[in-house]
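Participant: This structure is in structure tokens; I'll ask about it shortly.
Every read-out reported here was derived from the displayed coordinates using simple, explicitly stated rules and does not represent laboratory data. Remember, it's a predicted structure, so these values are computed and weren't measured experimentally. We place every Cβ from the backbone using ideal geometry, glycine too, and count neighbours over all the protein chains shown.
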């Protein structure tokens, strides 16, 4: 990627109407553009991060043998009335009438839609278990969307739904999904804790929220760092300083946290209203037991920024960085230097190392270094008259201070992960 052609212009100052670090840095670095509160466009670098997060999520959901589909965002009121959630979610659901007077809503979630679809597919115990997921735009009328990508009005969610003959089958898949979620967050550079929480509007059972430690979090988690047991403070009967109820050895502490994903055991809450049943081995009808599992794509991106940044800008984990290396041409671009810089760039491309090449000719070295730190790619590579003489590239990891000269032939070993 050539920076001069990337639809990219960084900002020196954070936007005055954003209080969240993630929004400030992503806007300054031109990853996103704010259209209105809680609604953002994803510019080329932000789009690349988003696509990489989605790729990781998709790989882990496919590993669960879940099949991907896509459901509509526009829903008729009738299916939401069947579960009583047209009124129950009216404060966060965008609801309106079309030209014919029919009442419609933009889906904040899809339990009703998937239950209706499953009714045409599931008939027998032989059809179960099943799991399907989608990665789709959701809409929620958030009253105070002030946390950047952590709480948007329009956002992308991966929602997975599972169908089972009984609670035991659901429990088994639920634990598999829990492990898959750990893998997703770990691959994105986040340490998460499966935290016991209320089932809310979805379930009477305890659910699990995947919490990431951050001062930007809106939640407080009771955590045992010895064994990893965690519980949302809103439902906890335990206090900081007390013994862990799981391992008895660890001491509980309060942790500010961001909810990056959640999983719920729905039971038959959504299958019964839609008549979603199956015939068991005796030929008797029984309601299908369901589970649902959500991850916000942009919420992962916002959480990563809140966890991985310093006073200069963002520090992207390698797996989701928009590019692996940032190549800077420093100094007057005389023909020999320009030729060497292009040689380095083309070699990196040939080696399948994703590279952003700051080829801008009218920008000072200082500005290029500031932009590189702000954008935060894992590696910074500098080509200058000094490095040209030694036929080398100046290499620095974004997260470290050490700078070293590396021969072109040795770059591949250093940069590939």
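Participant: Under a GNM of the chain (C-alpha, springs under 10 Å), which listed residue has the highest mean-square fluctuation: 219, 127, 371?
Facilitator: For the chain, modelled as a Gaussian network with Cα springs under 10 Å, the answer is 127.
Participant: Give me 164, 33 ranked fewest to most by other Cβ atoms within 10 Å of their Cβ, as a rough exposure proxy.
Facilitator: 33, 164
Participant: Per the Debye formula with a single identical scatterer at each Cα and no solvent contribution, what log10 I(q)/I(0) holds for the stretch 341-381 at q = 0.21 Å⁻¹?
Facilitator: Here the Debye-derived log intensity ratios amount to -0.73.
Participant: Please list log₁₀ I(q)/I(0) at q = 0.12, 0.16, 0.26 Å⁻¹ for the stretch 180-244, using the Debye equation with identical point scatterers on the alpha-carbon positions.
Facilitator: The calculated log intensity ratios at q = 0.12, 0.16, 0.26 Å⁻¹ are -0.32, -0.57, -1.23.
Participant: Any chance you could list the semi-axes, whole Å, largest first, of the equivalent ellipsoid that the Cα gyration tensor gives for the chain, using √(5λ)?
Facilitator: Each semi-axis is the square root of five times an eigenvalue, giving 45, 24, 21 Å.
Participant: With 10 angstrom as the radius, rank 6, 381 by how many other C-beta atoms surround their C-beta, starting from the fewest.
Facilitator: 6, 381
Participant: Name the residue, out of 26, 190, 388, whose mean-square fluctuation peaks in a Gaussian network model built on the chain with Cα pairs under 10 Å.
Facilitator: Taking springs between Cα atoms under 10 Å, the residue moving most is 388.
Participant: Another question, if that's okay. Tell me, what is the FRET efficiency for residue 350 and residue 47 to the nearest 0.05, using R0 = 22 angstrom and their Cβ-Cβ distance as r?
Facilitator: Given R0 = 22 Å and the Cβ-Cβ separation, E is 0.35.
Participant: What fraction of the DSSP beta bridges in the chain is antiparallel, stated in percent and rounded to the nearest 5?
Facilitator: 85
Participant: Jot down the radius of gyration and Dmax of the stretch 339-417, Cα atoms only, both in angstrom.
Facilitator: My reading of the Cα-based Rg and Dmax gives 12.0, 33 Å.
Participant: Averaging the inverse of every distinct alpha carbon separation and then flipping it gives the Kirkwood radius. What is it for the stretch 94-146, in angstrom units?
Facilitator: That comes to 14.1 Å for the stretch 94-146.
Participant: Looking at the stretch 323-415, what % of its DSSP beta bridges pair antiparallel, to the nearest 5?
Facilitator: 50
Participant: Turning to a different aspect of this structure: What ranking of 39, 288 emerges when the number of other C-beta atoms within 10 Å of each C-beta is taken as an exposure proxy, fewest first?
Facilitator: Placing the least packed residue first, the sequence is 39, 288.
Participant: Ok, one more. Which of the three applies to the stretch 198-356, rounded, prolate or oblate, going by the alpha-carbon gyration tensor with a ≥ b ≥ c and a/c under 1.5 meaning rounded?
Facilitator: It comes out oblate by the Cα gyration axes.
Participant: Can you give the FRET efficiency to the nearest 0.05 for residue 385 and residue 5, using r as the Cβ-Cβ distance and R₀ = 25 Å?
Facilitator: Working from the Cβ atoms, E equals 0.50.
Participant: Quick one: work out Rg over Rh on the C-alpha atoms of the stretch 59-114, Rh as Kirkwood radius.
Facilitator: When Rh is taken as the Kirkwood radius, the ratio is 1.10.
Participant: Need the full-extension length gain, residue 407 to residue 342, defined as separation in residues times 0.36 nm minus the C-alpha distance. One decimal, nm.
Facilitator: 21.9 nm
Participant: Of all alpha-carbon pairs in the stretch 149-287, indicate the percentage at a distance above 21 angstrom.
Facilitator: 51
Participant: Give the Rg (one decimal place) followed by the Dmax (whole number) of the stretch 42-146, computed from C-alpha coordinates and expressed in Å.
Facilitator: Final numbers for Rg and Dmax: 16.7, 47 Å.
Participant: In addition: Let me know the shape class of the stretch 314-383, please: from the alpha-carbon gyration tensor, a ≥ b ≥ c as square roots of the eigenvalues, rounded when a/c is under 1.5, otherwise prolate if a/b is greater than b/c, or oblate.
Facilitator: oblate
Participant: Along the Cα-to-C-beta direction of residue 235, a point sits 7 Å from the Cα; which residues of the stretch 165-181 have their amide N less than 16 Å from that point?
Facilitator: So the set is 171, 174-175, 178.
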